[in-house]
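Single-structure report; data block below.
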């Protein structure tokens, strides 16, 4: 059972990293030429959850530059706010699920100690 809790703890850390990456993307969504990152959680050794963060180098859309006197377009961020909201919901729900498993484990251990003691 301890191995399960360790897996859940690593999952909490992984979902926290995933949320931080998404939050950074949202915070920089209006920054010119910002390239978003993507966090992917996968199963590692001994059931641990690992997060791989990759930079997504796709170009952002070209938009009017209000400061340009020549009418040039500028590259904006490649961050899609709707996609980031979905990523944040997934990370939040994953975090909640693993928190609930750990809480249930603690309650079960508490009940066993009460029965023994």
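The values are calculated or read from the model by the stated rules, or taken from the named source; none is laboratory data. Note that the structure is a prediction, hence the values are computed from the model and not measured. Backbone-built Cβ (ideal geometry, glycine too); neighbour counts: all protein chains shown.
Does the stretch 35-50 contain at least one residue that is farther than 23 Å from residue 22 by Cα, assigned to a loop (DSSP other than H, G, I, E, B), without any contact (Cβ under 8 Å) to a residue 12 or more places away in the chain and out of contact with any strand residue (DSSP E or B) (no Cβ under 6 Å at 6 or more places or on another chain)? Break it down into steps so the answer makes sense when it comes.
Quick first cut of the stretch 35-50, residues farther than 23 Å from residue 22 by Cα only: 45-47.
Cutting the leftovers down to assigned to a loop (DSSP other than H, G, I, E, B) gives us none.
Checking the stretch 35-50: not a single residue is farther than 23 Å from residue 22 by Cα, assigned to a loop (DSSP other than H, G, I, E, B), without any contact (Cβ under 8 Å) to a residue 12 or more places away in the chain and out of contact with any strand residue (DSSP E or B) (no Cβ under 6 Å at 6 or more places or on another chain).
I'd like to check something: does the stretch 51-58 contain any residue that is within 20 Å of residue 92 (Cα to Cα) and either assigned to a helix (DSSP H, G or I) or in contact (Cβ under 8 Å) with a residue 40 or more places away in the chain (or both)? Looking through the stretch 51-58, none of the residues is within 20 Å of residue 92 (Cα to Cα) and either assigned to a helix (DSSP H, G or I) or in contact (Cβ under 8 Å) with a residue 40 or more places away in the chain (or both). Give me the residue from the stretch 11-49 that is under 19 Å from residue 102 (Cβ atoms), at pLDDT 95 or above and out of contact with any helix residue (DSSP H, G or I) (no Cβ under 6 Å at 6 or more places or on another chain) and, out of that set, surrounded by the most Cβ atoms within 10 Å (Cβ to Cβ). Result: 14.
In this structure, does residue 106 turn out to be within 15 Å of residue 32 (Cα to Cα) and either exposed (fewer than 12 other Cβ atoms within 10 Å of the Cβ) or free of Cβ contacts under 8 Å to residues at least 60 places away in the same chain (or both)? So residue 106 does not fit the description; no.
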